[in-house]
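Student: Please see the structure below; I have some questions.
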Amino acid sequence: MLKIILQSPRYIAPFNERAHDLRIQNKPLWLAQRDVLAPYTTHELELPPDARLPQVREPCLVYRDNLFFDAPYMAAFLEEARKRPYPSRAAFSINDPAFREHCLPLSDSYTPAGDLYLADLWYYPNGPEPYAEPLVIDLQAREIGYYHVPTYMAAQSGDLVYQVPLRSLIAIDSWVHIFIADCVFGLFGRGARFEERLKHDLGFKLSILWRALYEGKQVLECSKLVQVGRNCSIDPTAVIHGPTTIGDNVTIGAGAVIENCIIGDNVNISQGCQLMLSVVGDGTFLPFRASLFMTTVMDNCLIAQNTCLQMCVVGRNTFIGAGSTFTDFNLLPTPIRARDANGNLVPSNRPVLGGCVGHNCRIGAGMIVYPARTIESDVILFASKERRVIDKDVTYEQSDHHQLPIAHLHRRLYPRPGEATPETW
């Protein structure tokens, strides 16, 4: 089957990079798409924005390159689409709780069609045609609690919940969608699929119990749930609960606690670090007592000691100084606003949400960042009396390094669309 990739021209703030180059589940989005579609497609064609589809007479799968989809969704979509003699286009019902709560807010990639919303994913059995019939795939959402808010702190009290799908498709139009794809649809979804399989597959349940008994470990710590790569050094006092995936050449120090995470290759997690429901990119270094909760850290970052990141997204090659805290909750019950697909501040539909740091940033020690604030790529923030609390978005023009005579030592690597591209040689 031919795979036709439609380029999305949008650059995602604050990274100043197209979605298909950003990391989802510790892979560039284009690579994650390729891996999911590898069992179905044999060759591909990539088209620039507004290009016409080729006139071919063979089965085609066409999609926009800012879509994140997982294997369960794609299997269900293609199975149903191939039963039809006519073309199909992926669609969502507004009554699907996972789509309504997580995909639609902050996005403009879906086309309204009555009570449906159409996504940029098509299947053509006999080559591209002018019209495709909507195909609604149930995301099979499960309500899962993740956060408890005391009654005296907010109008909405008690357990906060996510609508966690067993099948996932979401357009990456905002940095918040990276958080959703990684944590809610990715890690929470992986855990939900694991629990569903335990309920319905007795052989799978028995194999896990046997493995735990054979290894002399608790069930959540056995190798069926904690997959460790090659050449890793893990201190015996570290606590690692699955489902967790650990890459190659990883070092984990004494007293570290890791629960339901994806850890990339060449990662160093030092003593006393705590990671929960987080994705840690290749080459990242976490010194002692760094804490990540439902956070994405892309490749080659350094998150210094005693730093706490909650529900955040951090771009590649970024340093965050010691003792910094990214908060995720408004102390007064006001809605958290975030940047939508068009850069406007609108309600995020998230009662708790951390901040976002772009690529190639340097953040000084002891910073406090308010919920949903963003720091643009290539920014440097010095710890000073004037700059200690980040209560507004920070752009490249507001970076502290511009005031120094040695500002040229920090090159801008991720300009906005239309701005001059720096030399790389």
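The values are calculated or read from the model by the stated rules, or taken from the named source; none is laboratory data. Keep in mind that this is a model prediction, so the values were computed, not measured. Methodologically, a virtual Cβ is constructed for each residue, glycine included, from the backbone with ideal geometry; neighbour enumeration extends over all protein chains shown. Heavy atoms of the whole protein, side chains included, go into the accessibility calculation; ligands, DNA and RNA do not. Shrake-Rupley method; radii C 1.70, N 1.55, O 1.52, S 1.80 Å.
To keep it simple, each residue is scored yes or no on (1) in contact (Cβ under 8 Å) with a residue 40 or more places away in the chain; (2) among the β-branched types (Val, Ile, Thr).
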residue: Arg18; (1), (2): yes, no
residue: Trp30; (1), (2): no, no
residue: Val36; (1), (2): no, yes
residue: Val56; (1), (2): yes, yes
residue: Leu61; (1), (2): yes, no
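Student: Which residue, of Arg190, Arg167, Arg197, Arg211, is closer than 28 Å to Asp65 by Cβ, open to solvent by 20 Å² or more (accessible area, probe 1.4 Å) and in a helix (DSSP H, G or I)? Show your work before the answer.
Tutor: Working: Arg167 fails: in a helix (DSSP H, G or I); Arg197 fails: closer than 28 Å to Asp65 by Cβ; Arg211 fails: closer than 28 Å to Asp65 by Cβ.
Arg190 is the lone residue from the list that is closer than 28 Å to Asp65 by Cβ, open to solvent by 20 Å² or more (accessible area, probe 1.4 Å) and in a helix (DSSP H, G or I).
Student: Can you tell me which residue within the range 383-414, out of those that are open to solvent by 20 Å² or more (accessible area, probe 1.4 Å) and aliphatic (A, V, I, L, M), is nearest to the chain's Cα centre (by Cα)?
Tutor: Leu413
Student: Mind listing whichever residues of the range 362-382 are over 23 Å from Phe329 (Cβ atoms) and under 20 Å from the mean Cα position of the chain (by Cα)? Full working, then the answer.
Tutor: Here is the first cut: in the range 362-382, the ones over 23 Å from Phe329 (Cβ atoms) are 362, 364, 376-380, 382.
If the condition is that a residue be over 23 Å from Phe329 (Cβ atoms) and under 20 Å from the mean Cα position of the chain (by Cα), then Glu376, Ser377 are the ones that fit.
Student: Among residues belonging to the range 170-187 that are outside any helix (DSSP H, G or I) and not β-branched (Val, Ile, Thr), point out the one that is nearest to Gly355 (Cα to Cα). Lay out the reasoning, then the answer.
Tutor: First, pick out the residues of the range 170-187 that are outside any helix (DSSP H, G or I): 170-174.
In the following step, the residues that additionally are not β-branched (Val, Ile, Thr) were identified as 171, 173-174.
Details: Ala171: 20, Asp173: 16, Ser174: 12 Å.
Within the range 170-187, the match that is nearest to Gly355 (Cα to Cα) is Ser174.
Student: Moving to a separate point now. Take Ala75 and decide whether it is hydrophobic (A, V, I, L, M, F, W, C) and open to solvent by less than 50 Å² (accessible area, probe 1.4 Å). Don't jump to the end; show me each part of the working.
Tutor: Values: hydrophobic (A, V, I, L, M, F, W, C): yes; open to solvent by less than 50 Å² (accessible area, probe 1.4 Å): yes.
When the stated conditions are applied, Ala75 passes them.
Student: Working only within the range 214-254, note down all residues that are β-branched (Val, Ile, Thr) and modelled with pLDDT under 95. Give the derivation first.
Tutor: Here is the first cut: in the range 214-254, the ones β-branched (Val, Ile, Thr) are 219, 226, 228, 234, 237, 239-240, 244-246, 250-252.
Within the range 214-254, Val219 is the sole residue that qualifies.
Student: A further question follows. Hey, His402 hits all of (1) in a loop (DSSP other than H, G, I, E, B); (2) out of contact with any strand residue (DSSP E or B) (no Cβ under 8 Å at 6 or more places or on another chain); (3) modelled with pLDDT of 90 or more but one; which does it fall short on?
Tutor: Of (1) in a loop (DSSP other than H, G, I, E, B); (2) out of contact with any strand residue (DSSP E or B) (no Cβ under 8 Å at 6 or more places or on another chain); (3) modelled with pLDDT of 90 or more, only one is false for His402: (1).
Student: Before we move on, is Gly272 within 20 Å of the chain's Cα centre (by Cα) and in contact (Cβ under 8 Å) with a residue 12 or more places away in the chain?
Tutor: Numbers: within 20 Å of the chain's Cα centre (by Cα): no; in contact (Cβ under 8 Å) with a residue 12 or more places away in the chain: yes.
In short, no.
Student: A follow-up question, please. Restricting to the range 339-397, what's the tally of residues that are over 29 Å from Leu160 (Cβ atoms), free of Cβ contacts under 8 Å to residues at least 60 places away in the same chain and of a type in the set (A, V, I, L, M)?
Tutor: 3
Student: Are any residues in the range 36-54 in contact with a strand residue (DSSP E or B) (Cβ under 7 Å, 6 or more places away or on another chain) and loosely packed, with under 10 Cβ neighbours inside 10 Å, and if so, which ones?
Tutor: Selection gives His43 alone.
Student: Out of everything in the range 235-256 that is crowded, with 16+ Cβ neighbours inside 10 Å and farther than 16 Å from Thr284 by Cβ, what residue ends up being nearest to the chain's Cα centre (by Cα)?
Tutor: My answer is Pro243.
Student: Follow-up question, since we're still on this one. Regarding Leu286, is this residue free of Cβ contacts under 8 Å to residues at least 40 places away in the same chain, touching a Cys at 6+ places or on another chain (Cβ under 6 Å) and surrounded by 24 or more Cβ atoms within 10 Å (Cβ to Cβ)?
Tutor: On the way: free of Cβ contacts under 8 Å to residues at least 40 places away in the same chain: yes; touching a Cys at 6+ places or on another chain (Cβ under 6 Å): yes; surrounded by 24 or more Cβ atoms within 10 Å (Cβ to Cβ): yes.
Yes: the conditions hold for Leu286.
Student: Quickly run through the range 88-143 and pick out the residues that are open to solvent by 70 Å² or more (accessible area, probe 1.4 Å), out of contact with any helix residue (DSSP H, G or I) (no Cβ under 8 Å at 6 or more places or on another chain) and basic (Lys, Arg).
Tutor: Arg100
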